[in-house]
Amino acid sequence: MEARVNRSWLFALIVVLMALGSGCKTAGYYRQAARGHFRILADRQSIDETIEASVVEPDVSRKLSLILELRKFAEKELGLKPGKHYLDYVELDRRFVVWNVSASPEFSMDSIGWWYPFLGTLTYRGYFDESRARALAPGRNKMAMMSLWAEWRPIPRLAGSMIRC
């Protein structure tokens with residue numbers, strides 16, 4: 001567990017240092033991204049411990065057990081190597097893990113890309129705070145003034161709640 005937290009702090013430190021070398025808005029984006037990601041990493045617990053402690057609803061516990069069974073099936077029957085993926089669980093206090101925002105020029109099907117260190121260019125920005133994602137809605141921001149159409153969409157908890165980082 002200590003190695004996970006140390007790795008999380010290192011990740012957060014790298015993101016903060018990169019953000020310090022960027023503009024104010026970019027620094028704010030990376031700050032919220034690092035804080036949101038770190039909270040998920042810090043709050044995760046193993047699926048086994050979660051099931052044993054009976055701290056989740058029976059329906060969630062059943063789904064977590066199924067994940068462990070599917071991992072075993074994938075390894076034994078399909079010859080896949082699940083590694084350390086899908087071993088942790090995070091109970092979130094919100095409906096969605098993250099809200100993704102994408103943008104495109106008005107009347108265009110081409111997406112605008114944002115450049116990220118280590119990742120390259122992606123056609124979305126992820127926000128852990130719904131109000132920050134909604135702030136980029138058309139008519140309320142710089143994107144609208146630049147004739148860009150922005151849309152935000154929530155990413156469900158199941159998609160990110162058991163991802164091993």
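The values are calculated or read from the model by the stated rules, or taken from the named source; none is laboratory data. Just so you know, these numbers come straight off a predicted model, no measurement behind them. FYI the Cβ positions are ideal-geometry reconstructions off the backbone, even for glycines, and counts take in every protein chain you see.
List of remarks:
- All positions within region 28-49 that are surrounded by 16 or more Cβ atoms within 10 Å (Cβ to Cβ) and of a type in the set (A, V, I, L, M): 33, 34, 40, 41, 47
- A single member of 27, 19, 3, 42 is at pLDDT 90 or above and part of a helix (DSSP H, G or I), and it is 42.
- From the list 110, 93, the lone residue that is in a loop (DSSP other than H, G, I, E, B) and under 16 Å from residue 36 (Cβ atoms) is 93.
- Residue 86 under 19 Å from the mean Cα position of the chain (by Cα) and on the phi > 0 side of the Ramachandran plot: yes
- For region 116-130, the tally of residues that are at pLDDT below 85 and on the phi < 0 side of the Ramachandran plot stands at 3.
- Members of region 73-90 found to be in a helix (DSSP H, G or I) and surrounded by 11 or more Cβ atoms within 10 Å (Cβ to Cβ), listed by number: 73, 74, 75
- Selected residue (criterion: farthest from the chain's Cα centre (by Cα)) from residues of region 107-121 that are farther than 16 Å from residue 26 by Cα and not aliphatic (A, V, I, L, M): 107
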